[in-house]
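Please treat every number below as a calculation from the coordinates, not as lab data. Keep in mind that this is a model prediction, so the values were computed, not measured. Note: ideal-geometry Cβ built from the backbone for every residue, glycine included; neighbour counts use all protein chains shown.
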């Protein structure tokens with residue numbers, strides 16, 4: 001019996017180890033391609049352990065690719081600004097909804113909730129942003145369409161406020177003459193730190209990884225984020241491959257495979273570095289957002 | 001007399017209501033930015049659904065364009081595109097739901113059965129890595145495996161398969177990529193439910209001499225049932241929607257693969273932005289919005305019948 005239990009434990013560990021290898025190895029293939037000498041890559045193809053190791057890719061990226069740094073800067077900018085505005089909108093909307101004494105509370109909740117049930121879809125949304133609000137090729141195109149991206153995060157904050165913060169605390173603060181904004185910033189938010197961190201991470205990850213807003217609304221290369229640069233490189237290469245005959249000579253200046261993979265690695269790196277330290281907040285966001293989001 | 005008292009009381013309570021609302025002005029002010037945003041981002045575009053019944057003219061805008069009845073829908077459904085994209089959207093979603101759910105449950109149960117705490121923590125960290133990567137980067141990774149000349153698969157197998165031109169492989173590739181990207185996320189949700197199961201049930205099963213499999217079958221799975229039902233129904237509520245990135249980025253927009261990679265979202269995007277065929281695109285979008293809405297309501301109704309605690313609204 002004990003013997004069998006040990007065997008089962010070992011088998012389960014083997015299964016999980018194989019599984020996490022499946023999660024990590026594809027990613028490592030990309031990383032190792034970025035460290036492979038270009039000629040070797042062309043000859044041997046993608047390999048997990050490069051035959052000839054080289055830092056040429058990263059040298060190139062750091063030396064000459066101002067577009068990549070610009071893209072990086074854009075990504076950081078929209079992630080920081082977008083997350084901050086998103087956070088503000090979400091918390092300012094969630095706090096009043098958490099107050100049981102607010103008149104018309106259920107009507108306002110429904111107003112929020114309905115957006116999760118029904119939407120106009122891409123065509124009308126695009127028309128409005130592009131033709132009515134003229135957001136195309138502005139930095140706002142990368143920020144505004146994803147603010148309050150998921151009504152469920154508002155509901156998540158609201159539920160947390162109303163279940164974890166005693167009404168008496170709010171009452172006491174108001175008797176002392178504190179304004180609502182003061183109650184929110186000085187009492188509620190300090191007590192909600194884990195939830196706020198979770199929200200920041202989910203929203204921040206969404207902005208960092210976003211390429212769709214760029215695809216829909218941005219064609220100006222100066223506004224490209226790192227994800228859009230990656231997306232654009234694929235498009236250019238496919239375009240050239242399809243129309244190779246148009247250009248006659250095959251000598252078109254394309255980023256090499258190594259460089260492409262290097263940029264992809266750089267795009268993922270910050271997420272991979274901070275993720276292990278904040279894993280429990282991601283898990284919280286997934287568990288809460290997953291069941292109802 | 002009593003009437004007068006009553007009406008006076010009404011006036012009072014009306015005034016009282018008004019005062020009460022005034023007293024909450026700060027809270028309403030806080031709601032204002034979000035309300036404006038939801039109106040612009042979510043409510044106004046709903047009005048734009050009328051585009052599906054119009055012949056769109058850029059000069060005249062949405063409201064100035066002339067009505068053309070059901071013509072957009074007639075055009076849309078007269079092509080084989082309509083059949084293909086609906087088949088693909090529904091078909092892939094059903095396969096994703098089945099494979100994703102089964103695999104996530106297996107992983108969640110194994111995580112729960114493993115005794116050592118540290119490895120368990122490490123496994124949980126690693127299985128979420130694919131979830132954190134954007135679809136663009138996923139398409140780069142897929143390319144590293146599938147490229148014809150240098151790709152890892154052709155390299156190790158010694159084959160020369162041109163993956164990006166062979167539609168027959170793509171249903172499998174897309175299912176694998178989707179599973180790879182999303183299983184960690186779903187496993188974490190199921191795992192959270194598993195660890196919430198009352199441990200006295202397990203102890204009782206052990207006392208009764210139940211084997212590991214018997215415990216899983218008789219305690220864990222029944223404990224997971226409500227979550228399985230809820231998540232599955234919610235996913236069913238979204239079967240008319242697809243992960244645009246998965247179907248657009250990963251096949252790298254290869255023309256030969258359109259038949260097996262075009263979902264409604266891909267079609268709407270291409271019609272709107274690439275082909276400038278607003279009419280058909282709007283019709284497909286309208287179809288998606290309405291079917292999606294009906295299914296979400298249906299799914300919620302089903303959840304409310306089966307599992308009241310997890311009902312959405």
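Ranked highest first by the average count of other Cβ atoms within 10 Å around their residues, in what order do A:12-24, B:227-239 fall?
B:227-239, A:12-24
So what's the convex hull volume per residue for the Cα atoms of chain A, in Å³? Intermediate results must be reported in sequence, preceding the final value.
Working: hull volume 65.7 nm³, N = 293.
Per residue, the Cα convex hull of chain A comes to 224 Å³.
Over chain A, with a Gaussian network built from C-alpha contacts below 10 Å, which listed residue (A:209, A:150, A:119) shows the highest mean-square fluctuation?
A:119
Taking chain B as a Gaussian network, where each spring joins two C-alpha atoms under 10 Å apart, which residue of B:165, B:157, B:85 fluctuates the most?
Maximum fluctuation in the GNM of chain B, among the listed residues, is at B:157.
Mind giving me the FRET efficiency for residue A:52 and residue B:148? R0 is 25 Å, r the Cβ-Cβ distance, nearest 0.05 is fine.
My answer for the efficiency is 0.65.
What FRET efficiency comes out for residue B:155 versus residue A:219 if R0 is 45 angstrom and r is the Cβ-Cβ distance? Round to the nearest 0.05. Walk me through the numbers on the way to the answer.
Values: r = 36 Å, r/R0 = 0.80.
Step by step, r from the Cβ atoms, then E = 0.80.
Note down the nm distance, to one decimal, between modelled labels 7 Å out along Cα→Cβ at residue A:172 and at residue A:136.
Placing both labels 7 Å along Cα→Cβ, they lie 5.7 nm apart.
Run the simple label-point estimate for residue B:57 and residue B:218 please: 7 Å along Cα→C-beta, distance reported in nm.
Those two pseudo-labels are separated by 7.5 nm.
Applying 1/(1 + (r/R0)^6) with R0 = 41 Å to the Cβ-Cβ distance of residue A:22 and residue B:22, what FRET efficiency is obtained, to the nearest 0.05?
Computed FRET efficiency for residue A:22 and residue B:22: 0.10.
Once you order the gyration tensor axes a ≥ b ≥ c over the Cα atoms, which shape class does chain B get: rounded for a/c under 1.5, otherwise prolate or oblate by comparing a/b with b/c?
oblate
Shape call for the stretch B:237-293 from the C-alpha gyration tensor, a ≥ b ≥ c root eigenvalues: rounded (a/c under 1.5), prolate (a/b greater than b/c) or oblate?
Because a/c hits 1.5 or more and a/b fails to exceed b/c, the stretch B:237-293 counts as oblate.
Please compute, for peptide B:141-147, the average count of beta-carbon atoms on other protein chains lying within 10 Å of each residue's beta-carbon.
Mean shielding count: 6.
Helix-derived [θ] at 222 nm for chain A: sum -39500 (n - 2.57) over DSSP H runs of at least 4, divide by residue count, nearest 500?
Calculated from helices alone, the mean residue ellipticity at 222 nm is -22000 deg cm²/dmol.
Apply the a/c threshold of 1.5 to the C-alpha gyration tensor of the protein assembly as shown and tell me whether it is rounded, prolate or oblate.
Verdict is oblate for the protein assembly as shown.
Arranged from highest to lowest average of other beta-carbon atoms within 10 Å per residue, in what order do the peptides B:102-112, B:22-32 appear?
Those peptides, ordered most packed to least, come out B:102-112, B:22-32.
Within 10 Å of each Cβ in B:117-130, how many Cβ atoms from other chains are there, averaged over the peptide?
Mean shielding by partner chains, rounded to a whole number: 5.
What is the average number of partner chain Cβ atoms found within 10 Å of a Cβ in A:107-119?
Counting Cβ atoms of other protein chains within 10 Å of each residue's Cβ and averaging gives 5.
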